[in-house]
Amino acid sequence: MDLVLLRLLFVILFAAVCYFLRPFGLQAGWESALAGAAAAGAVIIFEVRVRALTLRRLIGAVAGSLLGILGAALFCLVLRSAPLSTSTSAVLQIFVLLLMTYVGLLVGASKGDLLSPAALGVVFTGDKPARKSAKVLDTSVIIDGRIADIAEAGFIDGTLVVPEFVLRELQVVADSTDSSKRQRGRRGLDMLQRMQSSDKVQVQIVPDDFPSIREVDLKLLELAKKWEAKVVTNDFNLNKVAHLHHVEVLNINDLANALKPVVLPGERMSVVILKEGKEYNQGVGYLDDGTMVVVDHARRLIGRSVAISVTSVLQTASGKMIFGKMDENGKAMEA
């Protein structure tokens, strides 16, 4: 609001100055004021466009303009010595100056993204690290919800970036006719709102989109490349595709598996047998962290807690599996 008032004041002041000074030979005061207001409006439009530029593009535009002006000045030296009338020479010089400056501005701005931060020293030190520390969230990890606890605990630094196309996908899931999908989508929106309201987490919604790419996962990877950020996900397939595109990934499932306690053969533990195993006479139970425990000769003890001795541990893509056998007496523990 303050910026709008400041711009309005600038237009009024410039229009008043033109009203009293009557520039360009204008006789009527209202014509001068209107011309001043139009010129001030053009300046504001230019200012808005400049504010939208990245630092790289702004430096590229300035450098291109300066080179264009330098080239125009050299070209005008040639025009001055040409056998032309004064008016023709002046028009050509102004045209060349405007043309070279305009071309230099456009080319410099379009090529500004190619500038190397290393070659420009510490100019980008205030902009680059912020983007490098950013983490791009995909839809699955927002719905999963564990990212909120991890971020609030301080284990993920930097800004959590959520593109608008991910928000749209979340909204589609939340509006689904399927009750299960609808519940998952609403959970994702609730988790996102929780992170935004937390003082310990920085969440940034960005409008960056890639209309030429239809798949959301590929859009995420392009955004991560653009920001030089890491992708946070628990999607197995996105994890694989990201590695093919040389994009760093933080997989929540890998973190969860790494935090599970180490179990060695020979250790003793108790587990509740919940269901039958795939092999004959096996029982299956789960630890508190979700690790599957397969127990030999425990099929008849479904629903009861048994003491077992670990025989082996198998690491799979989805997590750990523990194999064990009951104590020699084979008795169940009291529930």
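Read-outs: derived from the displayed coordinates by stated rules, not from any lab. From a predicted model like this one, the values you see are computed outputs, not experimental measurements. Ideal geometry is used to build each Cβ from the backbone, glycine not excepted, and the neighbour counts take in all protein chains shown.
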note = Taking every other residue with Cβ under 12 Å from the Cβ of V294 and scoring Lys and Arg +1, Asp and Glu -1, one gets +2
ask   = Tell me, V161, V313, V48 in order of fewest to most beta-carbon neighbours within 10 Å?
value = V48, V313, V161
query = For the range 2-114, what class follows from the C-alpha gyration tensor (a ≥ b ≥ c being the square roots of its eigenvalues): rounded when a/c is under 1.5, otherwise prolate if a/b is larger than b/c, else oblate?
reply = oblate
ask   = Among 135-142, 292-299, what's the highest-first ranking by average C-beta atoms within 10 angstrom per residue?
value = 135-142, 292-299
task = Using only Cα atoms, find the angle between the long axis of helix 86-110 and the longest principal axis of the chain, and express it within 0 to 90 degrees, rounded to the nearest 10.
result = 10
ask   = Could you give me the ³J(HN,Hα) list for the range 166-173, computed from phi with Karplus coefficients 6.51, -1.76, 1.60 and θ = phi - 60°, whole Hz, x at Gly and Pro?
value = 6, 4, 5, 5, 4, 5, 4, 5
query = In the range 227-302, which chymotrypsin sites (Phe, Trp or Tyr not before Pro) are in a loop and have at most 10 other Cβ atoms within 10 Å, using DSSP for the loop call?
reply = Y280
key: Ordering of 266-275, 173-182 by burial proxy (mean other Cβ atoms within 10 Å per residue, highest first)   = 266-275, 173-182
message = Please list, ordered by chain and number, the residues whose modelled amide H lies under 5 Å from the amide H of E267; skip anything fewer than 5 residues away on the same chain.
response = V310
Segments 50-59, 208-217 sorted - mean Cβ within 10 Å per residue, highest first = 50-59, 208-217
ask   = Between (1) 28, 57, 14, 0; (2) 20, 35, 25, 12, 6, 1; (3) 27, 49, 21, 3, which matches P(r) over Cα pairs in 20 Å bins from 0, in percent calculated for the structure shown?
value = (2)
request  = Provide the per-residue ³J(HN,Hα) series for the range 217-226, in order, calculated from phi with Karplus coefficients 6.51, -1.76, 1.60 and θ = phi - 60°, each as a whole number of Hz, with x at glycine and proline positions.
outcome  = 4, 5, 4, 4, 5, 5, 5, 5, 5, 5
Contour excess over end-to-end distance, with Cα ends at T86 and S133 and 0.36 nm allotted per residue = 11.0 nm
query = Just P207, P23, P261 to compare: in a GNM of the chain, with alpha carbon springs under 10 Å, which one fluctuates most?
reply = P23
ask   = Taking only C-alpha pairs under 8 Å that are 6+ residues apart, what is the relative contact order of the range 2-114 in percent?
value = 28
